[in-house]
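Take a look at the structure set out below.
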Amino acid sequence: QLVESGGDLVQAGGSLRLSCTSARTLSTYTMGWFRQAPGKEREFVAAISADGGSTYYADSVKGRFTISRDNAKNTVYLQMNTLQREDTAVYYCNGAPLVHVTQIPRVGYMYWGQGTQVTVSS
């Protein structure tokens, strides 16, 4: 079970940090963040390897978002800076063991958490 938090209403240009945790141990999982805007399919945002040494980003967020993790706290983060209206979406985390960060967008995930709503106003 994955639990996302940290979403909020923020003005364009602002920042937010999302958190993802779970009742299960995440330290052996490659983890990713995804988002789904109203009327659109869920899309990949960012991924991080189990040890935090490798990251991978969608072009739309590269340079603005940073994914990180603290395995001691069993938490994965998404720092979002310079937010734009187009970033408005419900944000979800998910992951898989033993996969490269570039494979995270392609994994068929069976379960999703509730997500956390990010709304960016102009």
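The values are calculated or read from the model by the stated rules, or taken from the named source; none is laboratory data. Nothing here was measured: the structure is a model prediction, and the numbers come from that model. For accessibility, only protein heavy atoms count, side chains too; no ligands or nucleic acids. Shrake-Rupley method; radii C 1.70, N 1.55, O 1.52, S 1.80 Å.
Which percent of the accessible area of the chain is formed by carbon and sulfur heavy atoms (probe 1.4 angstrom)?
Its accessible area is 47 percent carbon and sulfur atoms.
Taking 25 °C and 0.890 mPa s as conditions, segment 24-122 diffuses translationally at an estimated 179 µm²/s according to Stokes-Einstein applied to its Kirkwood radius (Cα pairs).
Quick one: accessible area per residue over segment 30-122, 1.4 Å probe, rounded to a whole number of Å²?
Result: 52 Å² per residue.
Gap in Å between the Cα centre of segment 70-96 and the Cα centre of segment 1-47? Cα centroid to Cα centroid, the span is 3 Å. For the chain, modelled as a GNM whose springs connect Cα atoms under 10 angstrom apart, the maximal fluctuation among Val99, Val90, Val76 occurs at Val99. A Gaussian network model of the chain, with springs between Cα atoms under 10 Å, assigns the largest mean-square fluctuation among Ala89, Ala46, Ala23 to Ala23.
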